[in-house]
Amino acid sequence: MSKSPSRLSFGMPVFTALTLAVAVLAALSLTACGKAGSQTQPQAGAAQAAQVSVLTLQPQRVTLATELAGRTVATQTAEVRPQVTGIVKTRAFTEGSDVKAGQLLYQIDPASYEAALDSARATLAKAEAAATTARLKAARYDELAGIDAVSKQLRDDTQAALKQAQADVAAATAAVRTAQIDLDRTRVTAPIAGRIGRSAVTPGALVTANQTTAMATLQQLDTIYVDVQQTSAELLRLQRQLADGTLQRDAAGQARVTLLLEDGSTYPLAGKLQFSELQVDPASGSVTLRAQFPNPKRQLLPGMYVRAQVQSGVQAEGILAPQAAVQRDAKGNATAMVVDKDGKAEARVLQTGAVVNGQWLVTSGLAAGEHLIVDGLQRLRPGAPVQPVQAPAAAATVPVAAAQAR
């Protein structure tokens, strides 16, 4: 007897029911996909403008400064050396103290020089006595020669003897002056006012005239020089910019100089550029610049390593771009993004100069009034539509310390 196919409770074969279920599920899936496609298709068709922060570029007065390394130098330095030979009796100063010009520093034993002065004075007195005798004799013989009581030859001889006596007086006077100078030099005094260092001799030491070793060194520190080196190429560039009007001097016509100390701190008092050397060092190709700084607290000492920021000029209408908005391409060129007139991102190749207050000084590639994109650059491509939002000035500027640390 043949078996009939299995049926559901309501009389439908099993495979027919499975086929129908699969068809229903497929229809539901297609319906859901159609609904999802109808919802997302409008979004894919319309390109969305990326929101970016922009900075409207404005020309501004920019003071340019060049940072140069240098050393501090005392404005005046005097090495104290003896001008006579003798034994040092006393030292009349405290090492490391400030002394005045003419103040006694050392006393050399004056006994032998006092005796020499007395001898010179005695010689002068003898010469003056001889000159008096010669003068009286010459006057008497002159009268006698007038009445032919003596020969003219004898009168001429007495006149010559008088002149000889007068010359002896002059020589003896000079000897007295020399002896007095030598005696005065036994008092070794400060040639300039300043701070004196350590003493190289002690009481009892023998010193000789014009010896090579200094007894002590004096340095004037109330003002101090800073000597820095600048390349001749940079100097020529600055002179050319000043000549064509790209850079301008300040109202006083002098370059202001600020100082950074070895520990990174800023010296509180500003200095002024005094002069530049008249020749280029052939070994280094640089020119020496000298600036002068007030030093009332003696904070600056000779020989310190410092960095001087020398104002090189003023650019009346400079364009500054935040460092965060300037990138480098594969060739190392500086690039930036601006918003063009159609509201799209446009790439620019820039020429940059110095860093001023954490921003690049742009010499070409950007113009006043343009909108520079400063944020949102990572997801942006040239030609893409953008929605610019004005960035606050504080957010677009990198702090000076951060810029220098990079």
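In contact with a Leu (Cβ under 6 Å, 6 or more places away or on another chain), farther than 30 Å from GLU95 by Cβ, at pLDDT 95 or above and not charged (D, E, K, R): which single residue out of VAL176, VAL188, VAL169, VAL150 fits that description?
Just a single option satisfies the conditions, and that option is VAL176.
Return the residue satisfying two criteria in turn: it lies in region 301-335 and is under 13 Å from the mean Cα position of the chain (by Cα) and of a type in the set (A, V, I, L, M), and of such residues it is surrounded by the most Cβ atoms within 10 Å (Cβ to Cβ).
ALA308
Filter region 158-215 down to the residues that are of a type in the set (Lys, Arg) and assigned to a helix (DSSP H, G or I) and list them by number.
Selection gives LYS163, ARG177.
Given (1) loosely packed, with under 15 Cβ neighbours inside 10 Å; (2) assigned to a strand (DSSP E or B); (3) more than 39 Å from the chain's Cα centre (by Cα), identify the lone condition not met by LEU136.
(2)
Have a look at ALA205, ALA291, ALA216 and point out the one that is under 20 Å from VAL73 (Cβ atoms) and either assigned by TED's automatic domain parsing to the domain that holds SER364 or modelled with pLDDT of 95 or more (or both).
ALA216
With (1) assigned to a loop (DSSP other than H, G, I, E, B); (2) closer than 30 Å to GLN48 by Cα; (3) touching a strand residue (DSSP E or B) at 6+ places or on another chain (Cβ under 6 Å) as the list, and LEU269 as the residue in question, which single condition is left unmet?
(2)
Kindly provide the set of residues from region 164-214 that are over 24 Å from ALA116 (Cβ atoms) and either in contact with a His (Cβ under 8 Å, 6 or more places away or on another chain) or of a type in the set (A, V, I, L, M) (or both), ordered by number.
ALA190, ILE192, ALA193, ILE196, ALA200, ALA214
Would you pick out the residues in region 278-300 that are surrounded by 14 or more Cβ atoms within 10 Å (Cβ to Cβ) and either part of a loop (DSSP other than H, G, I, E, B) or basic (Lys, Arg) (or both)?
Once the filter is applied, which keeps residues that are surrounded by 14 or more Cβ atoms within 10 Å (Cβ to Cβ) and either part of a loop (DSSP other than H, G, I, E, B) or basic (Lys, Arg) (or both), region 278-300 yields VAL280, ARG290, ASN295, GLN299, LEU300.
For ALA65, state whether it is modelled with pLDDT of 90 or more and either out of contact with any strand residue (DSSP E or B) (no Cβ under 8 Å at 6 or more places or on another chain) or in a strand (DSSP E or B) (or both).
When the stated conditions are applied, ALA65 does not pass them.
The values are calculated or read from the model by the stated rules, or taken from the named source; none is laboratory data. Bear in mind that the values here come from a model prediction, so they are computed numbers and not experimental data. With ideal geometry, Cβ positions are generated from the backbone for all residues, glycine too; neighbour counts draw on all protein chains shown.
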